[in-house]
Structure formats: C-alpha cells, structure tokens
Amino acid sequence: MWGQVLQVAVKFPTFCLDLEAQLAAMRKKAVDAMPGSSWMPFLINPNLPPETADIVIVGGGVVGWSIAYWLKQKEKLSRGMRVLVVERDPTYSQASTVLSAGGIRQQFSLPENIHLSLASADFMRNINEHLSVVNEDPVDLQFNQSGYLFLASEEVAHIMEQNYDTQRLAGAKVSLLSPQQVKKKFPWINTEGVVLASYGDYKQKHEQILIYCI
C-alpha cells in the first residue's frame, strides 16, 4: 500500500505541472479568441460580417444603402474603403422603406433639394444601369412617375412664384397654372380659394398626380 502511496506522491508534482500547462494553454486560447484575434474555434462562416470595417452603417433602408452604394462608387478615391451595412430585418418585411408610400417631387425652395430630387429620379428611371446583375432578371422598382400639384391660396401665392423661379433655374420641369387651367386639366379638382398652382410635369400619358394645398 505504501508503495502505491509513494508512487502517487512522486507523480503528483508532475501532474500539477501538466495541469498548470494545460490551464496556461486554455488562458492563452481564451485571450486569442478576443475581438481582433484570428483564432476561430469553429469553421469560418462566410455569411458572418467582418470583424473590422472602415465605415459601419446602421440601417439598411433606402438611406443606408444609398450611402453605402455611393461610398463604394468612390472606392477608387478611398483606396478600397470597407463599408458594412447592418440591418436588423433582413427580410425587409417590417422596414419603413418598403412600407412607406414614397414620392419624389421637384417643388422645393432650396436648390440643393431640387438637384437631389432630380438626380434621384434619374437614378431610379435608369436603375438597371446601376444595380443590374449579370444573368439575373432586370431590376423592377415599380417606379411610377406622376406629377405633383401644389395649390396655393392668396396668402402664399407669392412664395410659390419665388420657389418656381428657383426650381426652373435648377432644371426642374414645373409650370405655374391659374385656377382656370387647373380646372381644365383636372376637372374633378375643386379650385375654390385657389389663386395659383405649381405642377411638376413628368410628361406621363396617365394624369396621376399628388395634390398638396398650401
């Protein structure tokens, strides 16, 4: 019996040393697994997002993806900028972008907004020049162009005239209409109290318009 005890006593220091070595290896492995490390306990999943990025955009709706797209378009200038878009709803079933009834108009008071609107409309009209994928079906945004009609009372008609000058200088296709012209073009509109109207003409065959009274 004492011989067995002696054998255990002799082996015990060696066991402790082995245990300490194993614990040290485990500690090192845990440290290596911290963010920024290249250690991965499982097979690498190519669908996982990268650990690092130059720019992270939170929200993959129309604004987030637009920012990401144009940043990547400038990639030659940015020397390979890594852009990551994070979206909590990958199905977009609850995203405001697809649930909203968005519209594009030209009737703004600031030239910057007018230019952005015109460029956005042109981008969507020619979407397949930008976002088409080889051997895939063409992109169909169901982009229906319809005019915007603003109706102004006597109190704000002068503002509409000022904005009209700004819009025309910026290249917007807008026209001012009298109440009589509005009634002739859109007989179903009640023009009572209307002094002036601003019509964003998209030259569509079907007279579909969105109306705002100011």
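Annotations
- Selection status of residue 105, farther than 28 Å from residue 47 by Cβ and either open to solvent by less than 40 Å² (accessible area, probe 1.4 Å) or over 13 Å from the mean Cα position of the chain (by Cα) (or both): yes
- The listed residues are 152, 68, and the only one of them that is open to solvent by less than 80 Å² (accessible area, probe 1.4 Å), at pLDDT 90 or above and more than 30 Å from residue 168 (Cα to Cα) turns out to be 68.
- Index of the failed condition, residue 146 passing every other in (1) modelled with pLDDT under 90; (2) surrounded by fewer than 13 Cβ atoms within 10 Å (Cβ to Cβ): (2)
- Residues that are modelled with pLDDT under 85 and not in a helix (DSSP H, G or I) were ranked within the range 71-90; the one that is nearest to residue 146 (Cα to Cα) is 90.
- Residue in the range 117-140 that is modelled with pLDDT under 90, farther than 15 Å from residue 66 by Cα and in contact with a Ser or Thr (Cβ under 7 Å, 6 or more places away or on another chain) present: yes
- Selection of the range 84-107 for residues being free of Cβ contacts under 8 Å to residues at least 40 places away in the same chain, in contact with a Gly (Cβ under 7 Å, 6 or more places away or on another chain) and closer than 29 Å to residue 174 by Cβ yields 96, 97.
- Subset of the range 165-180 [surrounded by 15 or more Cβ atoms within 10 Å (Cβ to Cβ) and over 19 Å from residue 105 (Cα atoms)]: 179
The values are calculated or read from the model by the stated rules, or taken from the named source; none is laboratory data. Everything numeric here is computed off the predicted structure, so don't read it as measured data. When we count neighbours, we look across all protein chains shown, and the Cβ atoms used for this are built from the backbone with ideal geometry, even at glycine. These accessible areas exclude ligands, DNA and RNA; they are computed on the full protein's heavy atoms, side chains included. Shrake-Rupley method; radii C 1.70, N 1.55, O 1.52, S 1.80 Å.
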